[in-house]
Each structure stands twice: as C-alpha cells, then as structure tokens.
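Participant: The structure's right below; bear with me while I get my questions together.
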Number of protein chains: 2
Amino acid sequence: MKKHYLLTPGPTPIPPEVALKEALPILHHRTGEFAAIYKDVAEGLKYVFQTKNEVYTVAGSGTATMEIAVVNLLSAGDEIIVAGCGNFGDRWAKIAQSYGVKVISASAPWGNVVKPAEIEKALKENPNVKAVYTTFTETSTGVVNDIKAIGDIVSKTNAVLVVDTISGLVGQEFRTDEWKVDVAVSGSQKGFMLAPGLAFITLSEKAWKLAETSKLPKFYFDIKKYKKSYATNETPFTPPVTLIVSLQESIRLIKERGIENLWNDYKLLAKAARAGMKALGLELYGEVPCEVVTSAQVPEAIGGKIVKTLREKYGVSIAGGQGDLKGKIIRFAHMGYIGKADLLVGFACLEMVLTELGLNVEKGKAVAAAETELLRG
Amino acid sequence: MKKHYLLTPGPTPIPPEVALKEALPILHHRTGEFAAIYKDVAEGLKYVFQTKNEVYTVAGSGTATMEIAVVNLLSAGDEIIVAGCGNFGDRWAKIAQSYGVKVISASAPWGNVVKPAEIEKALKENPNVKAVYTTFTETSTGVVNDIKAIGDIVSKTNAVLVVDTISGLVGQEFRTDEWKVDVAVSGSQKGFMLAPGLAFITLSEKAWKLAETSKLPKFYFDIKKYKKSYATNETPFTPPVTLIVSLQESIRLIKERGIENLWNDYKLLAKAARAGMKALGLELYGEVPCEVVTSAQVPEAIGGKIVKTLREKYGVSIAGGQGDLKGKIIRFAHMGYIGKADLLVGFACLEMVLTELGLNVEKGKAVAAAETELLRG
C-alpha cells in the first residue's frame, strides 16, 4: 500500500503509457517489426540530442557509453583534458586512467562550475591533447557547465569535445551540433523518463576521424560494431527489446510536447524549487544551479536523517549528497516525469520532516513560495 | 491484431506475471526496498546456477559478461584455450584477441561438439594456459557440450574453466559447482524468460585468485566493483531496476516448478521437437543435440523462405542458420516460456509452410509425432 513519490535524479517516475509498453509481449529483435521501431527511435534520438549525426543505443548503464567514448577515441599514453566538477566529472578521469590514458585536469572544485578559460589554457599548454571530457549537468552537486562556451574553445583546436549529458539531456537546453559537441553520451533513466538499462552515444565527423586512430582494446564497446548494425536498423548484440519499445513511446511524448517547451517546463520547476528551498531557510548549493536538480545545504546534525525520514514516513524519495557532501546537502530532482504537483508534494512533506527534525520551519511557506513561481509561469 | 508466437532461441516469450512487473512504478535503486529485492534475486541466481558462490548482475547483453570473464582473468600476452563449436564459441576467441590474448584453439567444426580429449591434449602441450573458454549449449548449431567431462579435465590443472551458459541455463541440466566450472556467464532473455538487458556472472575461488593477477584494462566491466557493491545489495552503476524486479518474479516461477523439473520439461520438448522434424522428413543437425533448441537441415532452395513465410503468414518466429549455415538449417527453440502447445503450433504451421513451398509433406504427421512423444512424458 505504500505510495512512492520519486523526486530523485534518476531513475525518475515513468509515465504509465511508457510503463505499459514494457509489459507488451516481447518482439524478436531480428524482424522487420523491431527494425521499424528501432529506426523510429534512432530518428527520435537525433531530435532529442539536436544532432544530424547517428545516435547509437547500447545495453548498459550510462557509464557504459562514457567508457565507449574513452576506448573508441584514444590509445594508451594519449593525453586528454578532464574538466569535471563533481562525482561524474571525476568518473571520466577514472575511466581514462584505467586504460593508461594521461589525464590533465582542468577541473573545478565540487560545487563550482568548470571554467572555460581553464580549458583554453590547458589546451594551449598541452597541444597534443586528443580530447576534452566534461559534464553538462553535474548531478552530484547540481550545477550546469557552459558547454556552448567550451564548444567554442575546443572546436578551434584539434581536440574533440566529449560531454556527459546523462542527467541533463531533455531537462535543459542542450544542442549537440550547434554547440560544437563532438561526442555526447546519455542514459535512459533521466530526461527520457524510462527505466535504466539503455545508454546512448553520438559522434561527429571529427570524432569519427579520431576513432580511426584509437588503439585501446574493446569488443562489446566497439562503436564501429554499433555503426555497422545501425545501417540495417539493428544492434550488434541482443538489445533490451522492451526498453527500446518503451523508449519509442517516451520519445513520442517528448516530441508531442516539443523539446524547447520541455526545457522551459523544467526551467520553471527549477525556479520554484529554488524559491521553496530559500523559503525553508536553506541555502542553495552550487555556483550555477542546473535546471534538472536543486541542491540545498542542510544542517549536518540532521543531514543524514532528512532523506531517510522523507522516504520512510511519506514515501517521498529525494537524494542526499555524495562523497564529501554526504549529510551536507539534499538534492531535489525535477527531471523526467516530475511535474508541478510532484514538486509541491515534495516541499509539503519536506516542511513536515524538517519540523519533526527540530528545524524552525514555517509550515506552508515553502509550498507557497514554489506556488508563486509556478503561477508566474 | 497480428498474433505472435515466439519459438526463437532468445528472446523467448515472457510470462504475463513477469511482464506485468516491468510495468510497475519504478523504485529507486539506493533504497531498502530495492536492496531487499536485489538480495532475494542474488540468492535465487545461486539456485539457478547451482552454485554457492555469489552471482553478479550486470546491465548489458550476454556478451558483456563474456567480456567480463576475459578482462578480469587475463593480461595481455596470456595464453588461453578456446574450445568452441559455433558462432558463440568463436566469440570467446574474438573477444580475447581484441585484448591481445593468445588463443590456442581446441575447437570443433560447426555442428560437432567440443572433444574433451582435445582440451586435455591442448592443456598438456601448453602448460602456461591460464583459462579454458567454452560453450554449454551452442545455440547457433543446436548442440550441447559435455561440460562435466571438461570440468573434470580442467580442474586437475592450474587453468580455470569459463563456460558460456547464456542459452542453456535453466533449459538443460547445468551444475556450476558440481561440474567444477570456475566461471559461468548467462543472460536474461533465454531460460530466465525475461526481456534482454541483464547479464550474469559467477566466479569460483580459483577464478578470483586468477583475477588478482589480471592486468587487462577495465572500468565498467571491473568485476571487483560488482563484488564490492554486492556486499551491500547494490550494483556499482544504476541497475535496470524494472528488469531486476521482473527477474525476481521469473526466479520465483523457476523455483516454484523446481529446476530439476524444468530440465525434464525441456528434455521432453526436445524429444518431441526431434520427432516432429523427423516426421517432416528433415534430417536433424548437430552431433549431440541440446535440449533448448532443435536444428534441422532444410533444402537450400527454400531454406531462406521458411523462416520468413512462417513469420509473415502465421506470426510464428523460429530462427534460421547463422554464418555458413544461413539458409541450410532451421532452429526451433524450446527454452524459457515455451510450452507443449507452442511446440505443436510451430509444427502445424511449419507443415503448412513447407507444403506451400513445394515440399511433399504429410499434413498432421509432424504434429502427431510430437504429440506421441509428449504423451509418453
């Protein structure tokens, strides 16, 4: 009987239309029926990524396509720049180092955003750099990096720009081609409003040229296998059929609303979430807050308890901090299938929980502040 | 309105109880609720694999865990023996060679089975071999290898035995520990009666010792990350939550019937399928037919048309041949959620299609032959 309200930065709730598709009898993946679905999905993914290039679907978590973006572009001993600002930015460095790639850091401290000028400087000082790896929205802290500015810088060099858009795609304006992003990777359980299990990657011509020189070992992650199968609307290995069938439905929903409209929807939710946090007396966390998750600082004495109590007493799931931020921040997601009413549910229950945990909270105030922003539209 | 009948060697049909679980609202994966499910699934997997060792769940196709079994055990320049006898056996060699591992072949020609004596000979001639990679049921041809005999041989050496049980697990007697298998890998879309997207791997103590020496690069496929997370009923990367929730249900169904009973059920289906093929005047293919898929030779003139016509006219999906066997064999699966009645549907429609394609087939004869075997029980 416990009713769950998911306000977490992935997985996000799944629309019933999409969930029901997962329950349909399974199709065989080497048939015309499946090929037609796969083709439609592939075209839809181009729209979502805002690219004219092919987007490949991989069975795996988002990290799988991050690793694909490393092992297909580089060779051992190559130099890359990693410009991260949190847990997921750090992951780029860890993956690359696992393969003997030399990582030059242009990263910012957690909570801050990546400074494009730092990347520019690192590129000048290290002319052999093959690629710059960065993060669009850094979910662990709740900030967004200026990918457009970074694209302008990197595109003037021989290096390719690789961006982790796992949590930000759909939820905040992102334009792969226009922003000169060479490789973008994403996953199914955030903006796509789907269950986890699919990951996506797209490559520019410049990235494909670099891929031609890559010598890092790979088999399942060999992007050329995916490219080859894509030509016949197939995948090289058995695809998660039910997830792809439901992805077709979620892309249909995204197209129906229009991606620009969705960007505005989440922007409004972000404004309301920030207003709600401030009304609770909590200080926002992060230099440039993104529009898919809102982070706020909480008193360390109760930091660990907020998330647990919200979930156990009211079925509301939000996220706490990761790494050094554990117990210091809370993260309130407004991505995927999370709407205005969900946000208000979250703040109402948060008011109750903070009160129970001894904070001096004026009940109704955060909800009111969020409502005010939502009504402003 | 088109009704589909899946008699393919993966994906197989999904029981409605399992499919409906996929449509449930998604759970967050870092919660007590999910941890309890994951723990139950992990225990169930031990039962299915017939092992006391931990079984890890990975987001990916079956090939992902094959690659995990390569990159976690070996270092570049290592020698291994690959004993394959078809498309999936060959895959072991391709993965290993992608990583600079030296492959010594003890493989048999397609259609034949692996000869344990050949492995014994290769092990004696190559005392530095780190591991032997082989296949349980080779779906591309429809044969089964004598893993018990191979286990007896390999266990007397320093090499570890790695077995691909992707298509055979659940469908035919397989005992990881008792047969001295060090590493077994499998996938969700065959005997588990689930959608594709999950892969499984289990390692013996001997395999873990070898893993300690492995220097091949890995990150997403680093099995130590999975082991570490397993201790707290978690996965290192966001797991395909809905697939794991439905896996719990399919394991419940497997336990309810009992795995020994299931082995007998599929054995009976295999007998009926062989009788049906013979009654159609088709010669069986494969030296030692397995119990999860039945292969039969078909006249090359109509070979390509049988599969297509069956699917397009009657909605019945079976598989044709792969590689050199394309157009030369048909493959009729009886794994996963395929029952007695499904088999009869398959043969009845096959009788019609072969008649339409000009073969002199006595209508009803294959169905009768299959019925006779099914009644014999």
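Participant: Please arrange B:Glu138, A:Glu371, A:Glu356 by how many other C-beta atoms lie within 10 Å of their C-beta, fewest to most.
Facilitator: Numbers: B:Glu138 30, A:Glu371 18, A:Glu356 14.
Lowest to highest Cβ neighbour count: A:Glu356, A:Glu371, B:Glu138.
Participant: Something else about it: For segment B:163-239, what number results from the quotient of the Cα radius of gyration and 2.2 N^0.38 Å? Show your work: numbers first, answer last.
Facilitator: Values: Rg = 13.6 Å, N = 77, 2.2 N^0.38 = 11.5 Å.
So segment B:163-239 has a normalised radius of gyration of 1.19.
Participant: Can I ask one more? Please express the Cα-Cα pair-distance distribution P(r) of chain B as a list of whole percents, one per 20 Å bin, running from 0 to the bin with the greatest distance.
Facilitator: Percent of Cα pairs in each bin: 30, 56, 15, 0.
Participant: While we're looking at this one, here's another question. To one decimal place, what orientation-averaged projected area in nm² is obtained for the convex hull of the Cα set of segment A:272-377?
Facilitator: 6.4
Participant: Report, in debye and to the nearest 20, how large the dipole of the protein assembly as shown comes out about its Cα centre when Lys and Arg carry +1 and Asp and Glu carry -1 on their Cβ.
Facilitator: On the way: 90 positive and 82 negative charges, 13 e Å.
Value, rounded to 20: 60 debye.
Participant: Just from the alpha-carbon atoms, what are the Rg and Dmax of the protein assembly as shown in angstroms?
Facilitator: Cα radius of gyration and Dmax of the protein assembly as shown are 26.7, 87 Å respectively.
Participant: P(r) of segment B:128-181 in 10 Å steps, Cα pairs, percent per bin?
Facilitator: Per 10 Å bin, starting at 0, the Cα pair percentages come out as 25, 55, 18, 1.
Participant: In nm, what does the list of distances from B:Ala368 to its counterparts in the other copies look like, shortest first, when each label sits 7 Å along Cα to Cβ?
Facilitator: For B:Ala368, the inter-copy label distances come out at 8.6 nm.
Participant: With Cβ to Cβ distances under 10 Å as the rule, what net charge do the other residues near A:Leu343 carry (K, R +1; D, E -1)? Present the calculation step by step, with values, prior to reporting the outcome.
Facilitator: Details: positive: A:Lys340; negative: A:Asp342, A:Glu371, A:Glu373.
Residues close to A:Leu343 contribute a combined charge of -2.
Participant: Over 24 Å between Cα atoms, which of A:Lys218/B:Lys21; B:Lys278/B:Lys326; A:Lys206/A:Lys228; B:Lys190/B:Lys218; B:Lys190/B:Lys363; A:Lys52/B:Lys94 qualify? Don't skip to the end; give the middle numbers.
Facilitator: Values: A:Lys218/B:Lys21 34 Å; B:Lys278/B:Lys326 20 Å; A:Lys206/A:Lys228 18 Å; B:Lys190/B:Lys218 27 Å; B:Lys190/B:Lys363 31 Å; A:Lys52/B:Lys94 33 Å.
Check vs 24 Å cut-off fails for A:Lys218/B:Lys21; B:Lys190/B:Lys218; B:Lys190/B:Lys363; A:Lys52/B:Lys94.
Participant: Let me ask you something else. If we count other beta carbons within 10 Å of each Cβ, what is the order of B:Val163, B:Val241, fewest first? Can you show the working numbers first?
Facilitator: On the way: B:Val163 27, B:Val241 24.
Sorted ascending by nearby Cβ count, the order is B:Val241, B:Val163.
Participant: Placing a label point 7 Å from Cα toward Cβ, how far apart in nm is B:Arg175 from its equivalents in the other copies, listed shortest first to one decimal?
Facilitator: Those label-point separations list as 6.6 nm.
Participant: With a Cα-only, solvent-free Debye model of segment B:16-58, what are the log10 I(q)/I(0) values at q = 0.25 Å⁻¹?
Facilitator: With one equal scatterer per Cα and no solvent, log10 I(q)/I(0) is -0.97.
Participant: Do any trypsin sites (Lys or Arg not before Pro) in segment A:1-65 lie in a DSSP loop with no more than 14 other beta carbon atoms within 10 Å, and if so, which?
Facilitator: Values: sites: A:Lys2, A:Lys3, A:Lys21, A:Arg30, A:Lys39, A:Lys46, A:Lys52; in loops: A:Lys2, A:Lys3, A:Arg30, A:Lys52.
The qualifying sites are A:Lys2, A:Lys3, A:Lys52.
Participant: I'd like the projected area of segment A:207-274, averaged over all directions, using the convex hull of its alpha carbons. Report it in nm² with one decimal.
Facilitator: Values: hull surface 31.6 nm².
Averaged projected hull area, Cα only: 7.9 nm².
Participant: State, to one decimal in nm, how far the label point of B:Glu212 lies from the label point of A:Ala368, with both points 7 Å from Cα in the Cβ direction.
Facilitator: A separation of 6.5 nm, rounded to one decimal place.
Participant: Through the Karplus equation 6.51 cos²θ - 1.76 cosθ + 1.60, θ set to phi - 60°, convert the phi angles of segment B:45-55 into ³J(HN,Hα) values in whole Hz; use x for Gly and Pro.
Facilitator: Couplings: 5, 4, 4, 5, 7, 6, 9, 8, 7, 5, 10 Hz.
Participant: Can you sort A:Met1, A:Met277 so the residue with the fewest Cβ neighbours within 10 Å comes first? Please report the intermediate quantities before stating the final value.
Facilitator: Details: A:Met1 3, A:Met277 26.
Result, fewest neighbours first: A:Met1, A:Met277.
Participant: Also, quick follow-up: So if R0 is 60 Å, what FRET efficiency would A:Lys308 and B:Glu283 give, r being the distance between their Cβ atoms, rounded to the nearest 0.05? Write out the running numbers ahead of the final one.
Facilitator: On the way: r = 65 Å, r/R0 = 1.08.
Result of the calculation: an efficiency of 0.40.
Participant: Going 7 Å from the Cα of B:Asn128 toward and past its Cβ, which residues in segment B:63-83 have a backbone nitrogen under 12 Å from where you end up?
Facilitator: B:76-80
Participant: Mind running the shape call on segment B:33-160? Use the C-alpha gyration tensor, a ≥ b ≥ c as the square roots of the eigenvalues: rounded below 1.5 for a/c, prolate if a/b tops b/c, oblate otherwise. Write out the running numbers ahead of the final one.
Facilitator: Working: a/c = 1.73, a/b = 1.58, b/c = 1.09.
Here segment B:33-160 falls in the prolate category.
Just so you know, all these numbers are worked out from the coordinates, no wet-lab data involved. It should be emphasised that the depicted structure is a prediction, and the values quoted were computed from it without experimental measurement. Neighbour counts are summed over all protein chains in view; Cβ atoms, including those assigned to glycine, are modelled from backbone coordinates with ideal geometry.
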